[in-house]
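Laboratory data are not the source of any read-out in this text; all were calculated from the coordinates shown. Note that the structure is predicted; figures quoted are calculated from it, not measured. Neighbour counts are summed over all protein chains in view; Cβ atoms, including those assigned to glycine, are modelled from backbone coordinates with ideal geometry.
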Amino acid sequence: MSKLTFGAGIWHFATYLDRYATDGYGPAKTLIEMIDLAGQVRDLSVVDINAPWSPDISVDEVEVALKRNNLSVIGITPEIYTREFSKGAFTNPDAGVRRRANEMCNQAADLVRRFGASYVKLWPGQDGWDYPFQADYKQIWRYSVEGIGELASQNPDLKFVIEYKPREPRVHMSYSSVARTLLGIEAMGLPNVGILLDFGHALFGGESPADSAQLAIDHGRLFGMDVNDNLRSWDDDMVAGTVHPIELFEFFYTLRKNKWEGVWQLDQFPFRENCLEAADMAIDFLKHIDGALDRLDWDALQAAQDRQDAMGAQKIARQALFGF
Ligand code: FE
Ligand code: FE
């Protein structure tokens, strides 16, 4: 078994509101409390942290909390999707709001340097449009590409990853698929912008996540990934492996086939579940997948794929993953 690094978005340990439980699914937690919870997950060693966080918590306090929990930071996610950005961050019609998004991302870049993290994660969830005729598509796409291109040019020493998703909260997100995101990144023409491939977002978008990973790898742009699960019609962010185990296995098979190395990261929202149990369950399944990749008959699988033999390939994959 290879030595894996497991990570999680710190929001895994938050409590959530939605448009029905407007009182939240539990009492609110501070960032420090979330870090202390993350520290209780077996095998978790890195976290992605949203910024800015509450002003009554200093960067030093966060650093101390991380240290006592043996955690390091993989990425900082600037919150460019809150009320101020309800009409978009990089694509906002107001140049002042677009500037503010740029400033917030630059502040996130400073935190990445401070924590020795790997990247700024951009999730422009409000960038896009809702209604027919609302948007000048050429303009929206230009804003999307130029906004991130500018940011990456301002910080050539850092990596920026774009996490695409079809929709939510915006009805149509600008960076909605692996192909559009790659097109945007190619148009920027910069070495330090890549994709963070969220397995669930690819599923939700009707993609085969393993194929999305292969495409991003072939363009040299797979900078990060995270996993979860869903029922394919929404970004449910359920526990990884609970709904689509065979596709998750194919996703990691593709990563290993390409010798891709990086953190196996959870992006789950355990609304009604115990967050520690949900993280441990997912990581246990990911370890099982890693073991299954060791057991897999790689040559036989390749031969089956060369024949495009669906049942033959399924039998080999199933044997490795499920043991029958
Ligand atoms: Fe994600
Ligand atoms: Fe998501």
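What ranking do 59-68, 204-213 get when scored by the average of other Cβ atoms within 10 Å per residue, highest first?
On the way: 59-68: 14.5, 204-213: 20.1.
The most tightly packed comes first, giving 204-213, 59-68.
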| Relative contact order, percent, of the stretch 1-66 when contacts are C-alpha pairs under 8 Å separated by at least 6 residues? | 41 percent
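Tell me the net charge near residue 84. Cut-off is 15 Å between Cβ atoms, residue 84 excluded, with +1 for each Lys or Arg and -1 for each Asp or Glu. Please list the in-between numbers first.
On the way: positive: 83, 87, 98, 99, 100, 170; negative: 79, 94, 103, 127.
My count for the surroundings of residue 84 gives +2.
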| remark: Proxy exposure order for 170, 114 (fewest C-beta within 10 Å first) is 114, 170
| request: Only helical DSSP H runs with n ≥ 4 go in: add -39500 (n - 2.57) per run for the chain, normalise by residue count and round the 222 nm mean residue ellipticity to 500 deg cm²/dmol. | output: -13500 deg cm²/dmol
| said: Compute the distance from the alpha-carbon center of the stretch 81-119 to that of the stretch 222-293, in whole Å. | reply: 28 Å
| remark: Spelling it out for residue 159: with amide H atoms placed in the peptide plane at 1.01 Å from N, the residues 5 or more places away or on another chain with amide H under 5 Å from its amide H are 120
| field | Residue-span extension gain [residue 22 to residue 258] - 0.36 nm each, minus C-alpha spacing | value | 80.5 nm
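Please report the antiparallel percentage of the DSSP beta bridges confined to the stretch 6-296, to the nearest 5. The partial results should precede the final answer.
Working: 3 of 31 bridges.
Percentage antiparallel, nearest 5: 10.
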| message | Taking R0 as 30 Å, what FRET efficiency do you get between residue 56 and residue 171 from their Cβ-Cβ distance, rounded to the nearest 0.05? | response | 0.25
| message | For Cα pairs less than 8 Å apart in space and 6+ apart in sequence, what is the mean separation divided by the residue count of the stretch 6-296, i.e. the relative contact order in percent? | response | 16 percent
| field | residue 154-residue 208 pseudo-label distance in nm [points 7 Å out on the Cα-to-Cβ vector] | value | 4.1 nm
| task | Within 10 Å of each residue's Cβ, count the other Cβ atoms and sort 294, 237, 56 from fewest upward. | result | 56, 294, 237
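Å³ per residue of the Cα convex hull, for the stretch 92-216? Can you show the working numbers first?
Numbers: hull volume 13.3 nm³, N = 125.
Cα-based convex hull of the stretch 92-216, divided per residue, equals 106 Å³.
With the cut-off at 1.5 for a/c, could you classify the stretch 190-304 from its C-alpha gyration tensor as rounded, prolate or oblate? Intermediate results must be reported in sequence, preceding the final value.
Working: a/c = 1.68, a/b = 1.22, b/c = 1.38.
Since a/c reaches 1.5 but b/c is at least a/b, the shape of the stretch 190-304 is classed as oblate.
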| Highest-first arrangement of 69-79, 300-310, where packing means the average Cβ count within 10 Å | 69-79, 300-310
| request: Mind telling me which of 137, 20, 175 comes out most flexible in a GNM of the chain, alpha-carbon contacts under 10 Å? | output: 20
| request: Could you pull out the pairs from 87/121; 165/257; 29/87; 121/165; 3/315 whose alpha carbons sit more than 23 Å apart here? | output: 165/257; 29/87; 3/315
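In percent, what relative contact order does the stretch 12-164 have, based on Cα pairs under 8 Å that are 6 or more apart in sequence?
Numbers: 203 pairs, mean separation 30.6, N = 153.
Once divided by the residue count of the stretch 12-164, the mean separation gives 20 percent.
Could you calculate the contour length gain from residue 3 to residue 114, that is, 0.36 nm times the residue separation minus the distance between their Cα atoms, to one decimal place in nm? Present the calculation step by step, with values, prior to reporting the outcome.
Values: separation 111, 0.36 × 111 = 39.96 nm, distance 2.65 nm.
Full extension of this stretch gives 37.3 nm more.
Starting from 0.36 nm per residue, how many nanometres of slack lie between residue 107 and residue 288 once their C-alpha separation is accounted for? Display every interim value, and only then the final one.
Working: separation 181, 0.36 × 181 = 65.16 nm, distance 3.84 nm.
Length gained between residue 107 and residue 288: 61.3 nm.
Do me a favour and compute the ellipsoid semi-axes for the chain from its Cα gyration tensor, root of five times each eigenvalue, largest one first, whole Å. List each step's numbers first, then the result.
Working: eigenvalues 191, 122, 71 Å².
Rounded to whole Å, the semi-axes are 31, 25, 19.
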| said: I'd like the distance between the alpha-carbon centres of the stretch 39-77 and the stretch 188-219, rounded to an integer number of Å. | reply: 26 Å
